[in-house]
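K.L.:
First, the structure itself, so that you have it in front of you.
The values are calculated or read from the model by the stated rules, or taken from the named source; none is laboratory data. Just so it is clear, the structure is predicted and the values come from calculations on it, not from any experiment. Glycine also receives a Cβ, built like all others from the backbone with ideal geometry; neighbour counts cover every protein chain displayed.
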Amino acid sequence: MAATAGRSGDRGFRYSLVAPSIVILLLIGVFPLVYLLVVSFQGITMMETDTSFHGLLNYRLLFSDARLWQSLLHTIVFTVVALPIELGLGLAMAQLFIDRLPGRQVFVALLVLPVVVSPIVAGATWSLMFDNRFGPVNEIIGWIAGKEMPLLWTVKPDLVYVAILVAEIWQWTPFMFLLLLAALSRVDRSQLEAAQIDGAGYWRTFFRIVLPAIWPVMAVAILIRGLDLFRLFDIVWALTKGGPGTMTETISIFTYVKGFQQFETSYTAAVALLIIVLLSVLVLTALRRVSLSR
Amino acid sequence: MSAFSPRRLVASAIRNVLVPAAATGLLAFSGTASAENAAQRAVEAAKPLCAGGKTISIVWEAGLQSLDPLNYSGPLWEKLTGCKVKVVEVPTAEMFTKIMQEYRAGTGAYDALNVVPSWMPDLVQAGALEQLDSYVDKYGYRDELKNIAPTYRDNQMTVNGKIYGFPDDGDVFIMYYRKDIFANPKLKREFKAKYKYDLAPPKTWQQFDEIGSFLTEKLKSKGIYGASLFRDPPYALFMFEERFRNEGGRFFDGNTMKATVNSEIGVKALEGMRHENRFMPPGVEKFGFVENLAVFLKGQSAMTISWPPYGRFAAGYLANEKALDWVPKSQIAGKVGYALPPGGHPELALGFALSVASSSKQKELAYLLIQWLNSEEISNKRVQLPYALRDPFRNSHYTNPGYLKLWPDAKNYLATLKEASETGLLDLSLIQTDKYEEALRQGVSRLWAGDDPKAILDDVAKQWDSITQRVGVDRQKAIYNAWAAKSGAYPKR
């Protein structure tokens with residue numbers, strides 16, 4: 001009995017030790033969410049600090065806002081196109097660098113440079129690269145084509161997605177490369193040698209041994225990059241500000257414009273909650289699919 | 001023409017601008033001057049308030065604009081009063097947001113503000129600007145305010161009859177053209193033979209199209225295009241607003257508040273804008289202030305339309321000024337003529353007014369600073385600063401003897417600016433103007449992307465109607481009709 005009382009007292013003491021940090025974490029993590037939820041039911045805008053209850057008005061507006069859904073679609077397009085390319089290129093580069101080559105470390109360090117550049121700087125750099133008059137991209141295409149090529153990369157609809165994707169892939173493929181290089185270097189060599197002795201081909205070895213071995217890391221990399229792409233902002237902002245029109249506007253840009261340029265505070269809160277819900281569903285599904293939740 | 005020399009210009013500017021400025025500063029500093037004008041009254045009133053060393057923060061457009069308070073007016077104010085001036089540099093596109101954010105946060109971080117006049121109704125309604133009437137009376141500034149050029153004074157100073165800002169920048173678009181090209185006898189002869197009228201700065205957009213395409217056809221082999229214009233959407237937006245109204249367009253039906261920007265006139269204006277790109281330099285779709293300036297100063301275009309600094313830069317006015325290192329050396333000094341843009345009613349695009357932040361903790365001092373900056377005496381110096389971008393906005397600026405001597409053609413330049421200010425058109429100013437402008441900006445970017453002008457303007461009108469609905473039709477209608485009744489809203493017909 002005394003032992004039980006001692007154990008429960010012990011537990012109480014342990015809880016009291018962690019309680020302050022849990023409260024702080026809850027305040028930091030949950031309070032903004034609750035506040036966001038409250039604001040989303042109000043009518044705060046640039047003009048009105050109207051904190052009265054507006055019911056579901058902002059949510060009704062949200063579902064009838066074509067621009068919002070288009071921006072979501074653009075975000076999905078960027079994600080669906082960029083993610084597999086970054087993954088494929090990152091994996092290919094990692095495969096190239098898995099063997100010990102002369103100067104390997106220098107090359108790896110150089111390849112990783114784009115990741116350390118701030119995305120807005122990367123966007124601004126690519127904006128200069130794509131400049132129709134002085135940019136090296138048009139210059140190089142001009143050399144190849146044998147004539148002047150004043151392509152308007154950030155103006156014409158058929159080029160603007162290519163421009164953004166090139167910049168995005170340039171910056172973030174090295175991230176994939178780095179993670180996958182680390183994963184590949186942990187693959188059991190003896191299994192690879194055994195497969196080789198047994199006469200297994202490259203692809204068979206890759207799919208049966210390498211891929212299962214690197215999959216946990218790859219899944220995390222996909223998840224991180226997927227989330228990053230869903231929040232895509234800087235590069236697009238620097239290159240097109242979401243234009244022409246709203247043709248390249250992502251959900252993050254839409255939210256920024258609504259919240260910080262048009263001061264639709266309550267409506268933006270509703271948009272932010274929608275994004276949080278969408279991302280949470282997406283992440284939980286992904287975690288379940290890749291069995292990482294445990 | 002042979003009398004033109006950058007060295008002489010420098011000497012003339014030093015003689016006419018900097019020496020009197022320094023002299024005035026020293027005179028006031030010595031305390032011998034009586035408070036006989038608004039600038040001196042502001043200084044005298046500020047001195048006791050500044051005792052112990054205070055700092056006034058002022059939001060100013062980042063870049064060249066802010067060299068005025070950083071290099072000239074800020075240090076001079078400190079010398080005269082003891083108050084430091086902290087310049088908060090903000091890019092134009094972020095100024096409204098920053099001002100509103102600070103106001104909402106209520107930190108009192110900004111004391112004085114530069115605001116674009118078309119934002120004033122929004123800022124006033126939000127409560128971000130301090131009403132200035134009582135200060136104006138207290139410090140005897142009304143008389144000097146009367147001498148601000150009528151367009152700016154009557155349209156960019158008040159909201160609902162109350163003063164919220166002092167117009168401080170005479171922004172207006174004028175046309176700059178190459179006098180040497182337009183005076184070329186061979187070109188004149190050939191043009192007359194083809195179009196049956198004289199080669200001269202265009203009075204209509206039809207003429208602009210004909211002259212521009214003719215000059216490109218004749219001069220492209222020499223690397224000269226007939227024209228180059230702002231096409232980057234944030235700038236082209238103003239070009240559209242100007243052209244649309246010159247052609248007879250109206251933004252809204254004043255009775256119903258339905259958007260009428262998608263009228264035939266609007267569609268024709270957009271079609272014309274796109275069609276004209278054919279005789280402009282490749283990539284003109286991306287031309288903003290700097291790109292267009294570079295092309296014009298290098299002598300690569302025969303006509304352009306822009307804000308007043310183009311005229312000063314093109315004249316080679318103080319070309320050796322260090323702050324202007326980034327401006328390409330003018331290849332066309334002495335060859336530039338000035339005219340009103342086609343239609344004769346140029347856009348009074350943007351501009352700045354000086355205001356006091358309602359959340360400031362030292363409003364009186366902030367007010368005194370802006371009265372001093374905006375005063376007859378000090379503004380006459382400021383508009384002549386070679387590196388700053390403040391343009392003439394007072395009657396006295398257009399006739400300032402020092403300014404008139406700054407370069408051989410300064411007289412024509414100032415006369416054109418004055419005429420432009422008198423016939424100029426105000427930027428659209430409503431509640432939530434930026435939302436209306438944003439829809440139009442996006443529309444212009446779609447124009448360069450190749451979309452159908454009618455479809456673009458139908459979308460813009462739809463968005464405008466939706467914004468109006470959200471603001472409240474009656475509320476917005478009252479604001480719009482008040483704006484439309486102003487002298488510079490629409491051309492008088």
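K.L.:
Please count how many residues of segment B:54-97 are of a type outside the set (Val, Ile, Thr) and within 14 Å of chain A (Cβ to nearest Cβ).
P.N.:
Residues flagged as of a type outside the set (Val, Ile, Thr) and within 14 Å of chain A (Cβ to nearest Cβ) within segment B:54-97 amount to 5.
K.L.:
Sticking with this structure for a sec: Take the residues in segment B:354-409 that are out of contact with any helix residue (DSSP H, G or I) (no Cβ under 6 Å at 6 or more places or on another chain) and among the acidic types (Asp, Glu); name whichever of them is nearest to residue B:100 (Cα to Cα).
P.N.:
Top of the filtered list is B:364.
K.L.:
Name the residue, out of B:408, B:401, B:491, B:386, that is crowded, with 20+ Cβ neighbours inside 10 Å and either in contact with a Leu (Cβ under 8 Å, 6 or more places away or on another chain) or away from chain A (no Cβ under 14 Å) (or both).
P.N.:
Matching residue, one of B:408, B:401, B:491, B:386: B:386.
K.L.:
Now for a separate question. Name the single residue that is surrounded by the fewest Cβ atoms within 10 Å (Cβ to Cβ) among those in segment A:116-134 being within 13 Å of another protein chain (Cβ to nearest Cβ) and assigned to a helix (DSSP H, G or I).
P.N.:
Checking each candidate, the answer is A:128.
K.L.:
May I ask you to verify whether residue B:397 is at pLDDT 95 or above and assigned to a loop (DSSP other than H, G, I, E, B)?
P.N.:
No: the conditions fail for residue B:397.
K.L.:
Please go through segment B:302-339 and give me each residue that is polar (S, T, N, Q) and farther than 27 Å from residue B:427 by Cα, ordered by number.
P.N.:
B:320, B:330, B:331, listed by residue number.
For (1) more than 30 Å from residue A:154 (Cα to Cα); (2) out of contact with any strand residue (DSSP E or B) (no Cβ under 8 Å at 6 or more places or on another chain); (3) aliphatic (A, V, I, L, M), each residue gets a yes or a no:
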site	(1), (2), (3)
A:197	yes, yes, yes
A:202	yes, yes, no
A:215	yes, yes, no
A:220	yes, yes, yes
A:223	no, yes, yes
A:228	no, yes, no
A:239	no, yes, yes
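K.L.:
Here's something else I'd like to know. Could you list, in sequence order, the residues of segment A:230-249 that are more than 14 Å from every other protein chain (Cβ to nearest Cβ) and among the β-branched types (Val, Ile, Thr)?
P.N.:
Passing the criteria: only A:235.
K.L.:
From the list A:113, A:87, A:27, A:73, which one is surrounded by 14 or more Cβ atoms within 10 Å (Cβ to Cβ) and under 30 Å from residue A:229 (Cα atoms)?
P.N.:
A:87
K.L.:
Quick check: is even one residue across segment B:55-65 among the small types (Gly, Ala, Ser), without any contact (Cβ under 8 Å) to a residue 60 or more places away in the chain and either buried (at least 21 other Cβ atoms within 10 Å of the Cβ) or assigned to a strand (DSSP E or B) (or both)?
P.N.:
yes
K.L.:
So, of the residues in segment B:128-161 that are within 17 Å of residue B:366 (Cβ to Cβ), touching a helix residue (DSSP H, G or I) at 6+ places or on another chain (Cβ under 7 Å) and not in a helix (DSSP H, G or I), which turns out to be nearest to the other protein chains (Cβ to nearest Cβ)?
P.N.:
B:128
K.L.:
From the set of residues in segment B:202-251 that are outside any helix (DSSP H, G or I) and of a type in the set (Gly, Ala, Ser), which is nearest to residue B:481 (Cα to Cα)?
P.N.:
B:249
K.L.:
Provide a single number: the residues in segment B:192-209 that are crowded, with 19+ Cβ neighbours inside 10 Å and more than 19 Å from residue B:336 (Cβ to Cβ).
P.N.:
Count: 2.
K.L.:
Kindly evaluate residue A:39 against the criterion of being assigned to a helix (DSSP H, G or I) and either aromatic (Phe, Trp, Tyr) or surrounded by fewer than 16 Cβ atoms within 10 Å (Cβ to Cβ) (or both).
P.N.:
No.
K.L.:
Shifting gears a bit: Scan segment B:442-477 for residues that are more than 18 Å from residue B:260 (Cβ to Cβ) and of a type in the set (Gly, Ala, Ser) and report the count.
P.N.:
Total satisfying the criteria: 4.
K.L.:
Between residues in segment A:64-76 that are at negative phi and residues that are aromatic (Phe, Trp, Tyr), which pairs lie under 8 Å by C-beta distance while being six or more apart or on different chains?
P.N.:
Sorted first by the residue in segment A:64-76, then by its partner, the pairs are A:67/A:254; A:68/A:254; A:71/A:254; A:75/A:230.
K.L.:
While we're looking at this one, here's another question. Being of a type in the set (Val, Ile, Thr), assigned to a helix (DSSP H, G or I) and at pLDDT 95 or above is true for just one of A:281, A:271. Which residue is that?
P.N.:
Checking each option against the conditions leaves just A:271.
K.L.:
Within segment A:211-229, does at least one residue satisfy the condition of being touching a Ser or Thr at 6+ places or on another chain (Cβ under 9 Å), under 30 Å from residue B:285 (Cα atoms) and more than 14 Å from chain B (Cβ to nearest Cβ)?
P.N.:
The answer is yes; a qualifying residue exists.
K.L.:
Report, by residue number, each residue of segment B:89-119 that is in contact (Cβ under 8 Å) with a residue 40 or more places away in the chain, closer than 17 Å to residue B:351 by Cβ and not in a loop (DSSP other than H, G, I, E, B).
P.N.:
Correct list: B:92, B:93, B:96, B:99, B:112, B:113, B:114, B:115, B:117, B:118, B:119.
K.L.:
Filter segment A:142-179 for residues that are surrounded by fewer than 21 Cβ atoms within 10 Å (Cβ to Cβ), small (Gly, Ala, Ser), away from chain B (no Cβ under 13 Å) and at negative phi and give the result.
P.N.:
Residue satisfying the conditions is A:145 alone.
K.L.:
Has segment B:375-394 got at least one residue that is in contact with a Lys or Arg (Cβ under 8 Å, 6 or more places away or on another chain), at positive phi, modelled with pLDDT of 95 or more and in a loop (DSSP other than H, G, I, E, B)?
P.N.:
no
K.L.:
Taking the stated definitions as given, is residue B:189 buried (at least 18 other Cβ atoms within 10 Å of the Cβ), assigned to a helix (DSSP H, G or I) and modelled with pLDDT of 95 or more?
P.N.:
Answer is no for this residue.
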